[in-house]
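Visitor: Quick one: this structure, given as structure tokens, is what I'll be asking you about.
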Amino acid sequence: MSELVARTGRHQQRYESGCRLTAGCIPYRFRCSEDSNGNKSEKIVEVLMINSASGPGLLFPKGGWENDETVEEAAAREALEEAGVRGDIMNFLGHYESSPEGRCRAAMFALFVKEELSSWPEQSRRVRS
């Protein structure tokens, strides 16, 4: 069982002009491939996606941006809670709007993965790609 506890509820959520503000990230890391002789050849980028809790499909970790955190902290927290990874926020990638439960505006970041946990709050959702 995970010692970490995911935040729940929306009483701390940020809203702007009727939009729920969310934050997420694209977790990535590099892996070196090896040729048939065992020599390292090229760097391969691996990204981490999670199963959707609301139905079939894959997505990147994303969730509510709360009043007591920066948008970067929210994105890193979502990666930890939903995908079980820790790392460094590298770049802001942009915003997109969605509407699963009303209007949402998501700020997305690249997250360089430094640690992959064996246990985390929403463990059943990690998918390697």
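Visitor: Got the relative contact order for segment 51-113 handy, in percent, Cα pairs under 8 Å and 6 or more residues apart? Intermediate values should be presented prior to the final figure.
Guide: Details: 79 pairs, mean separation 16.2, N = 63.
RCO, segment 51-113: 26 percent.
Visitor: Shifting gears a bit: So how do VAL47, VAL71 rank on accessible area, 1.4 Å probe, biggest first, that is with the largest at the start? Provide the component values of the computation, followed by the final result.
Guide: Details: VAL47 50, VAL71 25 Å².
So the residues, ranked largest to smallest area, are VAL47, VAL71.
Visitor: Give the percent of DSSP beta bridges with both residues in segment 18-110 that are antiparallel, rounded to the nearest 5. Provide the component values of the computation, followed by the final result.
Guide: Values: 18 of 25 bridges.
Expressed as a percentage, antiparallel bridges in segment 18-110 total about 70.
Visitor: Given the peptides 79-87, 60-68, 28-36, arrange them by the average over their residues of other C-beta atoms within 10 Å, most packed first.
Guide: Working: 79-87: 22.7, 60-68: 19.2, 28-36: 11.0.
Ranked from most to least packed, the peptides come out as 79-87, 60-68, 28-36.
The values are calculated or read from the model by the stated rules, or taken from the named source; none is laboratory data. These numbers were taken from a predicted model, which means no experiment stands behind them. Quick reminder, even Gly has a Cβ in these numbers, built from the backbone with ideal geometry, and neighbours come from all protein chains shown. SASA here: full protein model, heavy atoms, side chains in, ligands and nucleic acids out. Shrake-Rupley method; radii C 1.70, N 1.55, O 1.52, S 1.80 Å.
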